[in-house]
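In what follows, a single structure is set out as structure tokens and then discussed.
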Amino acid sequence: MSRPYADSPQQLTGMPPGIPYIIGNEAAERFSFYGMRTILTVFMVNYLWLMGDAAGTRMGDTEATRRFHDFVTLVYLTPLFGALLADFLFGKYRIIMWLSVVYCLGHAALAVMGMAGEATFWLGAGLWLISIGSGGIKPCVSAHVGDQFGRSNRHLLPRIFNWFYWSINLGAFASTLLTPWLLEWHGPHWAFGVPGILMALATLVFWLGRWKFVHIPARGWHVLREMFSLEGLKAVGKLCAIYAFVAVFWALFDQSGSSWVLQAENMDLRWLGIEWLPSQIQALNPILILTFIPLFSYVVYPFIDRFYPLTALRKIAIGLFIMVISFVLVAVAQTKIDAGETPSISWQIVAYVALTAAEVMVSIVSLEFSYTQAPKSMKSLIMSLWLFAVALGNQVTARINDFIQVGNPVAAISATETSGNEIAHGGHDGQAGTDDDLVVVFDEAGKRADLRFNGREDLDALLANVEAAVVSAEYRAPSGPEGIALLAGATDPWGNPYHYRTLNRNLFRVWSYGPDKTPYTEWDQGALLSISRPAVEDNSAIARFFAKLRPARSWLDRRREELGLPTEADTAATGPTISREYFVGGLVKLEGAAYFWFFSGLMLAAAVLFLIVAKLYRPREYFHDEEEEAEATEEAAGR
């Protein structure tokens, strides 16, 4: 007969013996999660279309951002089910162990993308499994930390939650540096496979600590009784008022893994003498967390507390306002990109300092605050509601990106719909043979080769003038006023003027409103022009050192060669080139700097409203052993 697990906190004044195993597990698990999360957006935009036997269609930035935040939403939505299973039926330890296996299977699915079957199938399966595994254990792990403490050592709880968060960011820092490097030089299989190995290690570490942990048993129906009791509903309702504002914080914060990465691709990435990869800039967040946690705990908070007594809610309020600053900085940087400039990555570096300071004051504080405000049998449930705020914030971002994406009327047309190489679409009026018809042209391999629409000849003449101006300016994209001047007086067949927009130094757009004469609908038509430049070789000592650790050519370049696409060597041999991509619909209603200014305003409004809620909130703390003593006293009085 096996010995029983401890089911209540020991009366210790120091650290509980199970804490090192939890922190070690969390560091490895966070390496695996943040490793795949760090590269997910870049992978979907730049790699996924090359994972099949033939090149597919590249995913747009807005769609990739939406899919990224839909995935993060699911990761932080499943904790509700993990918490209920843990508190109601199986206990936290079993749920953590079982779902860790599911988690490992998800990483394995991502690692085999492109080896068999459709890559999009394995991507979807892997993300679903990781969402179930990672999300399901999240509330259980954080609540499991708190379960190790009783009244005699609860004074250590804030410090341990800080170190718990520190371990998360140590794993995230290492993976954020390594995983983009693996993707760049060794490809998706290694980049997604290594995090999977670390997840398996995290599961092993947690299993090794099973006899050291306090295993708070599942409470069965008592969970539901307490949840729907007046006290339980009151605790949930009060915290949900806080979580509504925390959700807005996460709607901005998690864009450091999506829109910020895509912005970094258009910035000067040289910093500290090193040419960084766009995804690697995210490593600033965890390394700053490692610094800021002790700095805030031992210096910043005590200093502010001398002049302005800091409660948990006051810390959160300050953090929300600091978050506004971070997005204002990236909005200013994007304004420069929109003007065709290449701003320094220093803009994002300073923004990361503000973002991380906000995270310390919002995320860490609200996590600890949530645990103390949760009744005894609702600890995991409250943790899942805290994580649900993360899901809600990411869903806000996903739906905004979905809303601003204009539809493409010919996106679903494929070569399999006809035996020929051309497919006609009825256009805006839906009738064939009218002046708004569209024609999609395919090559012999079934790949889209061209898109024809009324007015293409006049548009091509305009584009030739624009391209000539680019060449004469040594391949500098025209500024907004210059582009407008080049198009002056030109109209499409329906009398709409042509418009010009610089998206970045290498990308600009010429388009009109099309047959419906309405801006930003699926009938806008025009062309996206792209400048391809030879890569600038970095001959610094640091670059030469790292070159010894990697292949001579990137995985993307090798893959392009396999698929018969232009490589970096081809671009270097021909010099800068300009390519066109014709489109109908598919534009974005809120793009460039306007996108970041919108979210800055949203965060500012939330921060102001939070001041009112924080003023009205009345906190109450709950701990396991205190409630047990109260129950024992009540039972003794009733005898």
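Structure notes:
- Here A317 fulfils each of the conditions (1) assigned to a helix (DSSP H, G or I); (2) over 22 Å from the mean Cα position of the chain (by Cα); (3) within 30 Å of Y103 (Cβ to Cβ) apart from (3).
- Lone qualifier among V261, V236 - being part of a helix (DSSP H, G or I) and modelled with pLDDT under 85: V236
- Summed over the stretch 304-326, the residues that are of a type in the set (A, V, I, L, M, F, W, C), farther than 16 Å from S366 by Cα and surrounded by 12 or more Cβ atoms within 10 Å (Cβ to Cβ) give a count of 3.
Listed here are the residues, each with its yes/no results for (1) more than 20 Å from I23 (Cβ to Cβ); (2) modelled with pLDDT under 85; (3) in the same structural domain as S32 (by TED's automatic domain parsing); (4) in a loop (DSSP other than H, G, I, E, B).
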residue: S167; (1), (2), (3), (4): no, yes, yes, no
residue: W190; (1), (2), (3), (4): yes, no, yes, no
residue: P195; (1), (2), (3), (4): no, no, yes, no
residue: A202; (1), (2), (3), (4): no, yes, yes, no
residue: F206; (1), (2), (3), (4): no, yes, yes, no
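- Residue match in the stretch 37-53 (condition: part of a loop (DSSP other than H, G, I, E, B), at pLDDT below 90 and not aliphatic (A, V, I, L, M)): yes
- Test for L288: is it among the aliphatic types (A, V, I, L, M) and either crowded, with 18+ Cβ neighbours inside 10 Å or within 30 Å of E341 (Cα to Cα) (or both): yes
- Exclusive hit being in a helix (DSSP H, G or I), hydrophobic (A, V, I, L, M, F, W, C) and either without any contact (Cβ under 8 Å) to a residue 60 or more places away in the chain or in contact with a Lys or Arg (Cβ under 6 Å, 6 or more places away or on another chain) (or both), set I382, I304: I304
- Residue pairs whose Cβ atoms lie under 7 Å apart, separated by 6 or more positions or on different chains, with the first residue in the stretch 251-279 and not assigned by TED's automatic domain parsing to the domain that holds G35 and the second β-branched (V, I, T) and in a helix (DSSP H, G or I), do not occur.
- In the condition set (1) farther than 24 Å from A200 by Cβ; (2) crowded, with 23+ Cβ neighbours inside 10 Å, L40 is compliant with all but (1).
- Apart from one condition, I345 fits all of (1) within 24 Å of L170 (Cβ to Cβ); (2) at pLDDT below 90; the exception is (2).
- Some residue of the stretch 363-371 being within 15 Å of the chain's Cα centre (by Cα), within 28 Å of L84 (Cα to Cα) and either surrounded by fewer than 19 Cβ atoms within 10 Å (Cβ to Cβ) or among the charged types (D, E, K, R) (or both): no
- Output for the stretch 558-585, where each listed residue is part of a helix (DSSP H, G or I), of a type in the set (D, E) and under 31 Å from the mean Cα position of the chain (by Cα): E561, E562, E568
- Flag for E444 being in a loop (DSSP other than H, G, I, E, B) and of a type outside the set (A, V, I, L, M): yes
- Residue match in the stretch 397-414 (condition: of a type outside the set (K, R), crowded, with 16+ Cβ neighbours inside 10 Å and touching a Pro at 6+ places or on another chain (Cβ under 8 Å)): no
- Answer from G136, G124, G146, G117 - the residue that is modelled with pLDDT under 80 and either surrounded by fewer than 18 Cβ atoms within 10 Å (Cβ to Cβ) or outside any helix (DSSP H, G or I) (or both): G117
- Failed condition for T434, given (1) surrounded by fewer than 19 Cβ atoms within 10 Å (Cβ to Cβ); (2) touching a Phe, Trp or Tyr at 6+ places or on another chain (Cβ under 7 Å); (3) part of a loop (DSSP other than H, G, I, E, B): (2)
- Residues satisfying the criterion are present in the stretch 472-480 (criterion: closer than 26 Å to R58 by Cα, touching a helix residue (DSSP H, G or I) at 6+ places or on another chain (Cβ under 8 Å), assigned by TED's automatic domain parsing to the domain that holds L503 and of a type in the set (A, V, I, L, M, F, W, C)).
Per-residue answers, yes or no, for (1) buried (at least 17 other Cβ atoms within 10 Å of the Cβ); (2) in contact (Cβ under 8 Å) with a residue 24 or more places away in the chain:
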| site | (1), (2) |
| --- | --- |
| R559 | yes, yes |
| G564 | no, no |
| A569 | no, no |
| G575 | no, yes |
| A594 | no, no |
| A605 | no, no |
| L609 | no, yes |
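- The residues of the stretch 339-375 that are within 30 Å of K238 (Cα to Cα) and either assigned to a loop (DSSP other than H, G, I, E, B) or not assigned by TED's automatic domain parsing to the domain that holds F253 (or both), listed by number, are A374, P375.
- The set of residues from the stretch 447-482 being surrounded by fewer than 16 Cβ atoms within 10 Å (Cβ to Cβ), farther than 17 Å from L507 by Cβ and of a type in the set (A, V, I, L, M, F, W, C) comprises A449, A461, A464, A468.
- From Q334, Q373, residue being closer than 30 Å to Y500 by Cβ and in contact (Cβ under 8 Å) with a residue 12 or more places away in the chain: Q334
- Residue within the stretch 400-415 that is outside any loop (DSSP other than H, G, I, E, B) and over 30 Å from V75 (Cα atoms) present: yes
- Only a single item in (1) in a helix (DSSP H, G or I); (2) without any contact (Cβ under 8 Å) to a residue 12 or more places away in the chain is not met by L85, and it is number (2).
- Check on R67, out of contact with any strand residue (DSSP E or B) (no Cβ under 6 Å at 6 or more places or on another chain), basic (K, R), at pLDDT 75 or above and outside any helix (DSSP H, G or I): no
The values are calculated or read from the model by the stated rules, or taken from the named source; none is laboratory data. Everything numeric in this text was worked out from a predicted model, so none of it was measured. Cβ: placed from backbone, ideal geometry, glycine included. Neighbour counts: every protein chain shown.
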